[in-house]
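K.L.:
Take a look at this one; I'll ask things after.
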Amino acid sequence: MLFPVYLFSQEYDFSGMQGLRNKDGQVLLELSGYDISIAVMKGQIDNEKTISSIKKKYNIEAVLAEYSEPQISRTNKIIEAESKVKDRPKVKLNQVYYIFNKSDKEVDIVMFSTLNQRDVILEQEVIKEYLENGLEPYIEADLAANEIDFAGRKIYLGSACKWMSPHNVHCKGGQMSWSEFPSFESAMLDINTRIDANVNDNMTILAENDVDVVFEEIPSLAHRIVYKQKSGVGRRTDPLVVYYIVQEVRGRYVSCVLSNYGYNRDDYELAPLLQEVMSITQLPEGGYNQFSIPQYENHPQPEKEEKEYLINLFEVRAGSWVPLGNLSRSFKAAPSLGAYMGFPIKKVMAVDIGFQVAFPVNKSLFDFYDRRVPYETEADLMVNANIRFRYQQEAAKNVYWTTYVGAGIVSVQTDLEKEYYDSDESKWETFETLDVFGGVNVRYKKVGLYLEYHYMPYSIANKVRKNFGNSAVNLGIAVCF
């Protein structure tokens with residue numbers, strides 16, 4: 001049973017807790033490595049559909065226990081669970097969901113999640129404060145971080161900073177998150193978990209070392225790791241420099257993560273936000289900042305492979321060709337598959353090489369001319385190879401608008417067998433033409449919709465009649481990498 005007999009009998013120090021209320025009215029709190037949120041949902045806790053909806057909404061995976069606690073005065077249901085953190089094999093997330101009836105039609109959900117071991121007493125005391133409406137003094141409605149309370153010290157930051165989440169502040173060029181713990185050991189366990197949580201398959205570590213720093217005027221040791229993102233749309237290629245620190249500050253044991261982007265792995269320059277709490281008095285051998293070298297702008301440039309490209313490099317697609325005008329007399333549609341490989345020339349521009357194959361359906365006979373003699377046949381296969389120039393824009397967060405133009409060759413294979421052919425060539429008659437096209441692609445993250453217009457003057461090869469047709473649209477779904 002989660003709650004022992006001394007339920008809610010102890011006092012807990014909430015001085016290290018911070019809460020925020022986001023634009024949707026949801027309350028988010030942080031305390032000793034716990035992320036806590038309070039939300040409202042339609043339903044009743046004695047309704048299995050409500051519980052199932054909660055599990056689905058919050059992606060509750062492995063349920064460890066599900067029960068009610070009679071020692072809590074308010075009708076309740078508790079779900080204990082754990083889940084893996086995506087792309088982070090060393091880390092698991094411990095979760096507890098307290099569900100209370102709010103009214104005849106709604107429930108309150110108090111959610112606890114932590115990468116550390118659970119602290120049952122902490123959870124009990126937070127629930128006690130929640131039931132007594134005692135959490136409100138810790139909750140701020142303003143997401144602007146003009147002034148912050150950092151472990152008991154007020155720091156004025158101005159108007160360029162904002163709260164990303166409780167105890168997680170971002171200013172232009174730097175970010176800082178922290179938690180306060182009852183002991184040095186628990187703070188150290190938290191920082192080690194955070195280091196593990198930042199390891200994933202899409203990040204490579206360029207450098208890792210310990211650095212002597214002054215943190216809140218206290219000589220300290222920071223563990224410094226320089227990360228670089230390997231791939232991804234919108235990725236930054238300048239390295240992310242992260243400092244992990246544990247220190248006792250004004251009687252509080254603080255686990256703190258400070259980060260800013262650097263010029264390269266040897267850049268020890270600190271963003272203004274980081275300078276508010278930390279300084280590096282002695283640079284390691286090979287390290288530099290803008291004050292320690294004569295011409296900062298003349299420092300060696302990053303290697304060419306670090307050049308920043310925001311445009312995707314690969315695309316696979318599935319769609320259909322729809323003929324227009326006279327061409328629709330030969331077939332009505334042609335389901336297609338295709339792929340492109342890109343060669344970036346700027347951040348948002350690329351030249352692509354691609355191919356598509358299409359399979360006409362609802363076909364009709366047409367005349368194919370061989371030495372001016374007509375033969376009735378129909379289209380069995382279309383193959384298109386082309387090159388295109390592509391320009392990409394970010395229309396909104398994770399939404400991309402791409403336009404492109406291109407040219408290539410399209411070949412149509414018929415069901416008409418050649419009179420003579422070699423063993424190493426196709427036995428089916430084909431005809432080719434030029435293909436000039438333009439198109440657009442609207443994409444959310446990796447998946448998008450595309451629409452193209454193709455102009456293909458089939459009659460120029462004198463294999464079909466002049467009125468055979470020359471226009472088609474191609475539309476479908478594209479997945480980009």
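K.L.:
Name every residue in segment 103-120 that is out of contact with any helix residue (DSSP H, G or I) (no Cβ under 7 Å at 6 or more places or on another chain) and farther than 13 Å from Ile54 by Cβ, in order of residue number.
P.N.:
Of everything in segment 103-120, those that are out of contact with any helix residue (DSSP H, G or I) (no Cβ under 7 Å at 6 or more places or on another chain) and farther than 13 Å from Ile54 by Cβ turn out to be Ser103, Asp104, Lys105, Ser113, Thr114, Gln117, Arg118, Asp119, Val120.
K.L.:
Follow-up question, since we're still on this one. Of the residues in segment 359-369, how many are in a strand (DSSP E or B) and either surrounded by 13 or more Cβ atoms within 10 Å (Cβ to Cβ) or on the phi > 0 side of the Ramachandran plot (or both)?
P.N.:
Result for segment 359-369: 4.
K.L.:
Next question, about the same structure. Evaluate segment 369-392: report whether one residue or more is assigned by TED's automatic domain parsing to the domain that holds Leu475 and more than 24 Å from Pro457 (Cα to Cα).
P.N.:
Yes, the conditions are met somewhere in segment 369-392.
K.L.:
Hey, another quick one. Name the single residue, out of those in segment 66-95 being among the aliphatic types (A, V, I, L, M) and free of Cβ contacts under 8 Å to residues at least 60 places away in the same chain, that is nearest to Thr204 (Cα to Cα). Write out each step before concluding.
P.N.:
So in segment 66-95, the residues among the aliphatic types (A, V, I, L, M) come out as 72, 78-79, 81, 85, 91, 93.
Filter once more, keeping what is free of Cβ contacts under 8 Å to residues at least 60 places away in the same chain: 79, 81, 93.
Values: Ile79: 36, Ala81: 31, Leu93: 23 Å.
So, considering only residues that are among the aliphatic types (A, V, I, L, M) and free of Cβ contacts under 8 Å to residues at least 60 places away in the same chain, the one nearest to Thr204 (Cα to Cα) is Leu93.
K.L.:
Here's a follow-up. Please give the strands (runs of 3 or more DSSP E) falling wholly within segment 186-271 in which 1 or more residues are of a type in the set (Lys, Arg) and either surrounded by fewer than 15 Cβ atoms within 10 Å (Cβ to Cβ) or at pLDDT below 95 (or both).
P.N.:
218-229, 252-261
K.L.:
While we're on this one: Condition first: under 17 Å from Leu31 (Cβ atoms) and in contact (Cβ under 8 Å) with a residue 60 or more places away in the chain. Can you find one or more residues in segment 197-211 that meet it?
P.N.:
For segment 197-211, residues under 17 Å from Leu31 (Cβ atoms) and in contact (Cβ under 8 Å) with a residue 60 or more places away in the chain: absent.
K.L.:
Further, regarding this structure: So which of Ala379, Ala396, Ala350 is in contact (Cβ under 8 Å) with a residue 24 or more places away in the chain and within 43 Å of the chain's Cα centre (by Cα)?
P.N.:
Ala350
K.L.:
Let me ask something else. Based on what the data block shows, is Ser165 touching an Asp or Glu at 6+ places or on another chain (Cβ under 8 Å), in contact (Cβ under 8 Å) with a residue 24 or more places away in the chain and under 25 Å from Gln275 (Cβ atoms)? Working first, answer last.
P.N.:
On the way: touching an Asp or Glu at 6+ places or on another chain (Cβ under 8 Å): yes; in contact (Cβ under 8 Å) with a residue 24 or more places away in the chain: yes; under 25 Å from Gln275 (Cβ atoms): yes.
Here the answer is yes, as Ser165 does meet what is asked.
K.L.:
Please tell me if Glu106 is closer than 19 Å to Tyr12 by Cα and in contact (Cβ under 8 Å) with a residue 12 or more places away in the chain. Spell out how you get there, then give the answer.
P.N.:
On the way: closer than 19 Å to Tyr12 by Cα: no; in contact (Cβ under 8 Å) with a residue 12 or more places away in the chain: yes.
Against the criterion (closer than 19 Å to Tyr12 by Cα and in contact (Cβ under 8 Å) with a residue 12 or more places away in the chain), Glu106 does not qualify.
Listed here are the residues, each with its yes/no results for (1) modelled with pLDDT of 85 or more; (2) under 26 Å from the mean Cα position of the chain (by Cα).
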{"site": "Glu11", "(1), (2)": "no, no"}
{"site": "Ser15", "(1), (2)": "yes, no"}
{"site": "Met41", "(1), (2)": "yes, no"}
{"site": "Asn47", "(1), (2)": "yes, no"}
{"site": "Thr50", "(1), (2)": "yes, no"}
{"site": "Ile54", "(1), (2)": "yes, yes"}
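K.L.:
Regarding Tyr340, is this residue within 19 Å of Val479 (Cβ to Cβ), modelled with pLDDT of 90 or more and more than 22 Å from the chain's Cα centre (by Cα)?
P.N.:
yes
The values are calculated or read from the model by the stated rules, or taken from the named source; none is laboratory data. These figures come from a predicted structure and were not determined experimentally. Reconstructed Cβ throughout: ideal geometry from the backbone, glycine too, with neighbour counts over all protein chains shown.
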